[in-house]
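Report on the following structure.
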Amino acid sequence: MATAQKPTAPVTSVQSRINIDAPRWDLTTFTGRLKHFFWVTDPRTIVCSNKQLDNAKELLEQYRTGQEPPGTTEQQIWYAKKLYMSAFHPDSGERQNVIGRMSCQVPGGMLITGCLLQFYRTNTAVVFWQWVNQSFNALVNYTNRNAQSGITERQIAVAYVSATTCAVITAIGLKRYLAMKAASQLMQRFVPFAAVASANIVNIPLMRQSELLDGIACFDENGQKVTESRYAAAKGISQVVCSRITMAAPGMLLTPIIMKRLETLSWMKRIQSLHVVVQTLLVGCTLLVMVPTGCALFNQKCSIPVERLRLLDSKKLEELKEKYGEHTPKRLYFNKGL
């Protein structure tokens, strides 16, 4: 005879309380980070209302001080943390724009990438969809920047225009070159990826140029701010660029190959108007896996040995040693962004 499941126990005892300020998984390992980002980038969280998100934040604040409502379960606490981490900036605690959240990368990215891969034949379509993509990327990059570093409206505009221009020039230039070489249609379908990759290399550093110029906030192992570092900013931004390109690569490189094969099938020839839908769904399937995988490549809480400051921040290193003496931190930690 089947037995009834026991209800989830309320988190009331001291022994059962969750450390909500600690990661749920070990983020020093790739597997732990992968589980974490599958959890945090869940696209279903983007349909949660602002009230639900604010309630989740409030519940975590209550739980942190031991004042959560009676009967609150462990499952409710973990879900509240999931909503909080998916929607609020880790540095500022502010609620992020929904389009710029990593949880919006799958639905937003699949729609735009699907159209980039489908509408590549005319220059007008190339320019339009590269502009849409870079507008989306600029918002994502700004939303997921290190909030300790400021950025002016002028810097945002320069980054946006530069990345869009780079993407368009790369796409149009490659398209014309391949046409002159009489390249296959499949080769032409890889042009959007080249444009997206080159634009990421331009967009992300420019959007976060203040970190490269003034340094990114660095902390000791106790979370106390000790200095700013341009070397740390360069390391963090280069890792973000690598992660973003990794996210996009499988969908933009494998989907054209799959579509080329599918388009030879009789049933696909009968639904040519739906090819963009099929292509978008294929991209979506890859992004469901690649968004958390790309985020998990590197630890978001990045670190550097303090001696690395000699490379770009020698004056900062001297100030640190003068201030802390023999207690100078051995490693510095910073949020690299996503």
(request) Work out how much length A194 to I18 would gain on full extension: take 0.36 nm times their residue separation and subtract the Cα-Cα distance, in nm to one decimal. (result) 58.8 nm
(message) Quick one: the Cα spread of region 101-181 along its three principal axes, in angstroms, biggest first?
(response) 48, 27, 17
(message) Please enumerate, by chain and number, the lysines with C-alpha under 16 Å from the C-alpha of K51, excluding those fewer than 8 residues away in the same chain.
(response) K81, K82
(message) Only sites in a loop by DSSP and with at most 13 other Cβ atoms within 10 Å count here; which trypsin sites (Lys or Arg not before Pro) in region 274-338 make the cut?
(response) K330
(message) Probe of 1.4 angstrom, ligands and nucleic acids ignored: what's the accessible area per residue over the chain, in square angstrom?
(response) 52
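Taking 0.36 nm per intervening residue step and subtracting the Cα-Cα distance, what contour gain separates S273 from W78 on full extension?
Working: separation 195, 0.36 × 195 = 70.20 nm, distance 4.34 nm.
That works out to 65.9 nm of additional length.
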(message) Suppose R0 equals 35 Å. What FRET efficiency, 1/(1 + (r/R0)^6) with r the Cβ-Cβ distance, do T124 and E94 give to the nearest 0.05?
(response) 0.40
(request) Measure nothing but the geometry: give the 0 to 90° angle between the long axis through the Cα atoms of 275-296 and the longest principal axis through the Cα atoms of the chain, rounded to 10°. (result) 30
(request) For region 205-270 and region 18-53, write down the distance between their C-alpha centroids in whole Å. (result) 19
(request) On a 0 to 90° scale, report how tilted helix 314-324 is relative to the longest principal axis of the chain, with both axes built from alpha carbons and the result rounded to the nearest 10. (result) 20
(message) Going by amide H atoms built from the backbone, whose H comes under 5 Å of the H on T227, apart from near neighbours?
(response) C218
(message) Relative contact order for the chain: what percent, with Cα pairs under 8 Å and sequence separation of 6 or more?
(response) 19
(request) Measure nothing but the geometry: give the 0 to 90° angle between the long axis through the Cα atoms of 30-40 and the longest principal axis through the Cα atoms of the chain, rounded to 10°. (result) 80
(request) Roll a 1.4 angstrom probe over the protein heavy atoms and tell me the percent of accessible area of region 36-84 that is carbon or sulfur. (result) 51
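Hey, what did region 89-150 get for relative contact order, percent, Cα under 8 Å, at least 6 apart?
53
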(message) So for region 181-338, if I pair up every lysine 8 or more residues apart or on another chain, how many of those pairs have alpha-carbons under 18 Å apart?
(response) 18
(request) Can you send over the carbon and sulfur percentage of the accessible area for region 215-317, probe radius 1.4 Å, protein chains only? (result) 62
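Which FRET efficiency value, to the nearest 0.05, do you get for R154 and M180 by plugging their Cβ-Cβ distance into 1/(1 + (r/R0)^6) with R0 = 22 Å? List each step's numbers first, then the result.
Working: r = 38 Å, r/R0 = 1.74.
The formula returns an efficiency of 0.05 here.
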(request) Run the accessible area of region 130-198 with a 1.4 Å probe and give the carbon-and-sulfur part as a rounded percent. (result) 64
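The values are calculated or read from the model by the stated rules, or taken from the named source; none is laboratory data. Just so you know, these numbers come straight off a predicted model, no measurement behind them. All Cβ positions, glycine included, derive from the backbone under ideal geometry; neighbour counts span all protein chains shown. Calculation scope for accessible area: heavy atoms of the full protein, side chains included, ligands and nucleic acids excluded. Shrake-Rupley method; radii C 1.70, N 1.55, O 1.52, S 1.80 Å.
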